[in-house]
Amino acid sequence: MFDVAIVGGGPAGAAAALALGRVHRPVLLIDGGEGRNAAADNVHNFLTRDGTPPAELRRLVREELAAYPAVRTGTGTVTDVRPIDGLGFHLELSGGGTASARRLLLATGLADDVPGPRGAEEMWGRSAFHCPYCHGYECTGKKVAVLGAQPARVRLALQLSRFAGHVALCTGGEPLDPAAQATLRKHGVAVHCEPVARLEGTDGRLEQIVFDDGTSLAREAVFVVSVPRQRSDLAERLGCASFADGCVEVDEFARTSVPGVYAAGDMARRASVPMPMAAVIAAAASGTVAAAVLDQDLLSADFGLPDPLARARG
């Protein structure tokens with residue numbers, strides 16, 4: 001039996017495996033192989049690895065984990081998991097294998113649905129983005145558009161106007177508050193209120209936005225609204241509490257509402273953090289925290305020690 005089974009080998013799961021491996025905890029890391037940022041050209045905001053392609057970062061991670069004998073990695077998915085009374089958890093693996101572990105860390109991540117205009121999904125991660133911290137720098141000096149009319153979209157357009165060559169807010173036919181229009185135009189942001197028909201480009205690179213009336217707007221990048229969803233339903237099947245947005249609820253020590261089950265990365269958040277930072281380095285940090293708490297949890301169980309980490313709220 002493993003001390004910890006980690007489901008998901010992205011930055012959160014891999015960081016947890018690394019930290020647990022360094023204190024000689026027998027760990028099973030099960031990875032489905034594709035992360036939330038797989039469509040992106042590069043990973044950013046990760047110290048010493050800024051600009052690394054996602055697949056290359058995963059290769060480097062596996063290379064580092066291989067140095068720790070306590071860490072066993074496997075490719076595939078967990079098809080089912082159930083508690084073992086007083087012992088831990090039994091896992092059914094794709095391919096017919098099974099495993100058991102005393103504790104369970106869910107790091108299965110999120111996936112992004114892109115309900116934007118036709119063409120947005122094909123350009124997702126290459127020239128259609130949602131995060132200015134992940135991809136804003138690459139828009140420096142370029143012609144950029146922001147889709148949407150909500151206050152957050154207005155704010156994003158103004159943010160990008162600081163360094164993009166030219167920014168346009170395309171409301172998609174939605175009305176825009178006159179005060180917002182005035183603010184945008186004051187700062188050089190164009191406003192287009194026509195419904196958007198489609199995005200056109202080549203090999204995932206945006207060239208123009210085409211409106212319903214047949215007119216078009218030349219752009220090199222566009223910021224769209226994505227809808228994140230859980231990549232796995234294991235947390236739901238285990239009975240873990242979650243928020244209306246689908247994120248699994250955890251306390252500040254990555255503990256879910258189900259004893260012995262932890263969660264880290266984009267898939268989980270605290271009640272006091274309505275908008276977790278969806279960044280690779282932030283996910284990795286949450287995995288490291290979860291690993292330390294898991295180790296302390298097991299230490300208390302093995303030596304009959306009190307829990308050093310009080311249950312947190314929010």
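The value of relative contact order for region 115-223, using C-alpha pairs under 8 Å at least six residues apart, is 31 percent. Shape analysis of the chain based on the Cα gyration tensor places the equivalent ellipsoid semi-axes at 42, 20, 17 Å, largest first.
Please state the shape class of region 115-223: rounded when a/c is under 1.5, otherwise prolate if a/b exceeds b/c and oblate if not, all from the C-alpha gyration tensor. Don't jump to the answer; show the numbers that get you there.
Working: a/c = 1.70, a/b = 1.16, b/c = 1.47.
In terms of gyration-tensor shape, oblate.
Taking label points 7 Å from Cα along the Cα-to-Cβ direction, residue 292 and residue 243 give a separation of 2.3 nm. Left without a cysteine partner by the 4.7 Å Cβ rule in the chain: 139, 170, 193, 240, 247. Sparse packing (at most 14 other Cβ atoms within 10 Å of the Cβ) combined with a DSSP loop state is found for none of the trypsin sites (Lys or Arg not before Pro) in region 172-230. Helix content alone sets the calculated 222 nm mean residue ellipticity of the chain: runs of n ≥ 4 DSSP H residues at -39500 (n - 2.57) each, divided across all residues, give -7500 deg cm²/dmol. With each label modelled as a point 7 angstrom along the Cα→C-beta vector, the residue 137-residue 64 pair spans 1.8 nm. What share of the DSSP beta bridges in the chain is antiparallel, in percent to the nearest 5? Antiparallel bridges make up about 45 percent of those DSSP assigns within the chain. If R0 is 45 Å, the Cβ-Cβ spacing of residue 216 and residue 183 corresponds to a FRET efficiency of close to 0.95. Potential lengthening of the chain between residue 47 and residue 34 amounts to 2.5 nm, from the contour at 0.36 nm per residue minus the alpha-carbon distance. Note on residue 113 and residue 300: their simple-model spin labels are 3.9 nm apart, each label 7 Å out from Cα toward Cβ. Figure legend: label point modelled 7 angstrom from the Cα of residue 203 along Cα→Cβ; residues of region 109-129 with amide N under 17 Å from it are 122-128.
On the basis of the beta-carbon distance and an R0 of 22 Å, residue 174 and residue 277 show a calculated FRET efficiency of 0.20.
Laboratory data are not the source of any read-out in this text; all were calculated from the coordinates shown. A quick note: this is a predicted structure, and the numbers were derived from the prediction, not measured. Quick reminder, even Gly has a Cβ in these numbers, built from the backbone with ideal geometry, and neighbours come from all protein chains shown.
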